[in-house]
1. Answer yes if at least one residue in segment 41-54 is out of contact with any strand residue (DSSP E or B) (no Cβ under 7 Å at 6 or more places or on another chain), part of a helix (DSSP H, G or I), modelled with pLDDT under 90 and in the same structural domain as residue 95 (by TED's automatic domain parsing), and no otherwise.
2. For residue 278, which of the numbered conditions (1) at pLDDT 85 or above; (2) touching a helix residue (DSSP H, G or I) at 6+ places or on another chain (Cβ under 6 Å); (3) farther than 30 Å from residue 161 by Cβ fails to hold?
3. Only one of these is assigned by TED's automatic domain parsing to the domain that holds residue 39, more than 22 Å from residue 158 (Cβ to Cβ) and surrounded by 13 or more Cβ atoms within 10 Å (Cβ to Cβ): 104, 109. Name it.
4. Quick one: is residue 75 touching a helix residue (DSSP H, G or I) at 6+ places or on another chain (Cβ under 7 Å) and at negative phi?
């Protein structure tokens, strides 16, 4: 009785999130949407279709941790493409959430068989398993998966499990069969993909069918808008949810600025303001120079038209040319003399050929 009372006391309420506690993650507001919706469902079966790099792995980890904390899940299987992605899942689950998933490859399954009685199913003896999708689709492995049961199954890159019909290869058909088997043998199902829709409605309908067959009609098409209850995609939210999300993001930005980023931001703003001020002063100087040049040009043009001395000089030259055709004329000017004296210590006279 005391033990049961202790367990009840430690139980998390519907509004309490274990993943929201300080830890190894910087949580974005939209990453909490899937786990909050999963906790409201009796059988969490969701399609997480966020874009690349938005943290689908973290969102799936949130769901797994909360289900474990509420004792709603114990046996879990993660299906992922082979290679670095498989090891990344194992590392992320261990370092960020403290979940030690075992990679179930051929050697590990053989080791479990040696340790158990003859005919034992190795998948029954690993509570937290991580397996490659191409290894799990093999007929012998698939038979063992059909004889076991899981609380939660996570399928990463779920778009490889769509029903392609006659257009798909045998390998695609085997992956689809694997997804169908796991869908039947688990209580909760999480499908992760950044490309849920490739332009063909039957393909995305086949993914939704894995979550809930009632969402698809007999022709392989989605029924109305009911499938949206199973779809979680960043950006595809109601107006109220987007408003709440914007408020949370603003609070996170304010907290980040107060935590030490404000000084750096102020320095950058100050440097930008100084640069803008220098460019503004330079532009003002160039504008003033342009205006002065235009003013001097207008004055020169006006003086050229209105100075009577120039017209008198031209008339005198015509008269001289008429009387003495071969005469050379010297014209002395005060301005010319002053200018010449600045350049040389000797007086200077300007010789002008007479006008023809």
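The values are calculated or read from the model by the stated rules, or taken from the named source; none is laboratory data. Just so you know, these numbers come straight off a predicted model, no measurement behind them. Note: ideal-geometry Cβ built from the backbone for every residue, glycine included; neighbour counts use all protein chains shown.
1. Quick first cut of segment 41-54, residues out of contact with any strand residue (DSSP E or B) (no Cβ under 7 Å at 6 or more places or on another chain) only: 41-42, 50-54.
Then drop every residue that is not part of a helix (DSSP H, G or I), which leaves none.
No; the residues of segment 41-54 include none that is out of contact with any strand residue (DSSP E or B) (no Cβ under 7 Å at 6 or more places or on another chain), part of a helix (DSSP H, G or I), modelled with pLDDT under 90 and in the same structural domain as residue 95 (by TED's automatic domain parsing).
2. That leaves (2) as the condition not met.
3. Details: 104 fails: more than 22 Å from residue 158 (Cβ to Cβ).
Of 104, 109, the one residue that is assigned by TED's automatic domain parsing to the domain that holds residue 39, more than 22 Å from residue 158 (Cβ to Cβ) and surrounded by 13 or more Cβ atoms within 10 Å (Cβ to Cβ) is 109.
4. It is false that residue 75 is touching a helix residue (DSSP H, G or I) at 6+ places or on another chain (Cβ under 7 Å) and at negative phi.
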